[in-house]
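Novice: Once you've had a glance at the structure underneath, I'll fire off some questions.
The values are calculated or read from the model by the stated rules, or taken from the named source; none is laboratory data. From a predicted model like this one, the values you see are computed outputs, not experimental measurements. Cβ sites come from the backbone with ideal geometry, for glycine too, and all protein chains shown count toward neighbours. Heavy atoms of the whole protein, side chains included, go into the accessibility calculation; ligands, DNA and RNA do not. Shrake-Rupley method; radii C 1.70, N 1.55, O 1.52, S 1.80 Å.
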Amino acid sequence: MPYLDQNEILKATHGGLDIILSYYPQANNTRNVKKNEFKIRDENTPSARLKQLDDGNWVVTDFGDDSIPRSGIQICMKEEDISYREALVKLAGKYGIGGIDPK
């Protein structure tokens, strides 16, 4: 198995934004607005926030859950209930990175 660098995955996915939007397409409408909150689950008030960090990478913080900012890779891990390595392989395959064959 080839070495997979998380930075290559983030770079190829616009700082992880493509990954985030694949799990939370509703976040797309919040990218360019000041109040950038959206709903991840059925709730009265949106409790998740999309944010671009100074390094250009994107994170989602779900204040209705544990309030931990998560990158696209970490969101994949959480939503798929898989390990870091499994998420790297899954995302590399999905986005054609590192010669990983998508399954």
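Novice: In region 54-76, what residues are part of a loop (DSSP other than H, G, I, E, B), more than 22 Å from TYR95 (Cα to Cα) and not small (Gly, Ala, Ser)? If you could, list the steps in order and put the result at the bottom.
Specialist: First, pick out the residues of region 54-76 that are part of a loop (DSSP other than H, G, I, E, B): 54-57, 63-68, 71.
Remaining after also requiring more than 22 Å from TYR95 (Cα to Cα): 54, 63-68.
Residues satisfying the conditions are ASP54, PHE63, ASP65, ASP66, ILE68.
Novice: Quick one: is VAL89 surrounded by 15 or more Cβ atoms within 10 Å (Cβ to Cβ), under 15 Å from the mean Cα position of the chain (by Cα) and either part of a helix (DSSP H, G or I) or without any contact (Cβ under 8 Å) to a residue 24 or more places away in the chain (or both)? Walk me through how you get there before you give the answer.
Specialist: On the way: surrounded by 15 or more Cβ atoms within 10 Å (Cβ to Cβ): yes; under 15 Å from the mean Cα position of the chain (by Cα): yes; either part of a helix (DSSP H, G or I) or without any contact (Cβ under 8 Å) to a residue 24 or more places away in the chain (or both): yes.
When the stated conditions are applied, VAL89 passes them.
Novice: In region 49-65, what count of residues is obtained for those that are open to solvent by 60 Å² or more (accessible area, probe 1.4 Å) and not basic (Lys, Arg)?
Specialist: Counting residues in region 49-65 that are open to solvent by 60 Å² or more (accessible area, probe 1.4 Å) and not basic (Lys, Arg) gives 6.
Novice: Among the residues of region 17-24, are any exposed (fewer than 15 other Cβ atoms within 10 Å of the Cβ) and free of Cβ contacts under 8 Å to residues at least 24 places away in the same chain?
Specialist: No - not one qualifying residue is present in region 17-24.
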